[in-house]
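Novice: What follows is a structure written as structure tokens; I'll ask about it next.
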Amino acid sequence: MKPDPTLLIWAALGLAISVMLFAISWDVRRAYGGEQQLCQLEPRDPSWSYRTKIGGRSDKCWYEGRRMKPRRELYWAETPAIAPEQGPWEMEYRWSDPNGWSHSE
């Protein structure tokens with residue numbers, strides 16, 4: 001028994017349409033979400049786009065999605081307030097005599 005060629009054509013057409021609709025919905029959800037996106041310093045993929053002048057910084061704000069995303073939807077992560085680590089040359093050294101000698105003599 002031979003398969004009906006019209007049935008195969010309709011099945012292939014239905015599969016192609018399903019794949020195209022999925023691809024379009026994925027792209028639309030990713031690019032036009034209208035959600036806040038965190039800026040990255042470097043792109044993780046060649047398809048990423050960037051904007052400048054986000055949050056008063058001159059760095060390029062790389063994000064996933066199409067070009068010209070509204071600036072109000074992009075933001076930089078806050079930098080944590082961590083004290084800089086001291087190097088050995090910045091440490092305070094105090095010499096003390098174990099016998100209790102002082103400079104008062």
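Novice: Just to check your reading of the model, which residue among Arg30, Arg44, Arg66 is modelled with pLDDT under 90, within 16 Å of the chain's Cα centre (by Cα) and in a loop (DSSP other than H, G, I, E, B)?
Specialist: None of the others qualify; the one that does is Arg66.
Novice: Here is a list of conditions, (1) loosely packed, with under 10 Cβ neighbours inside 10 Å; (2) of a type outside the set (Val, Ile, Thr); (3) modelled with pLDDT of 75 or more, and Lys53 meets all of them except one; can you say which number that is?
Specialist: (1) is the only condition that Lys53 fails.
Novice: Please enumerate the residues belonging to the range 1-16 that are of a type in the set (A, V, I, L, M, F, W, C) and loosely packed, with under 10 Cβ neighbours inside 10 Å.
Specialist: Met1, Leu7 - these are the residues of the range 1-16 that are of a type in the set (A, V, I, L, M, F, W, C) and loosely packed, with under 10 Cβ neighbours inside 10 Å.
The values are calculated or read from the model by the stated rules, or taken from the named source; none is laboratory data. This is a predicted model, so every value here is computed, not measured. Reconstructed Cβ throughout: ideal geometry from the backbone, glycine too, with neighbour counts over all protein chains shown.
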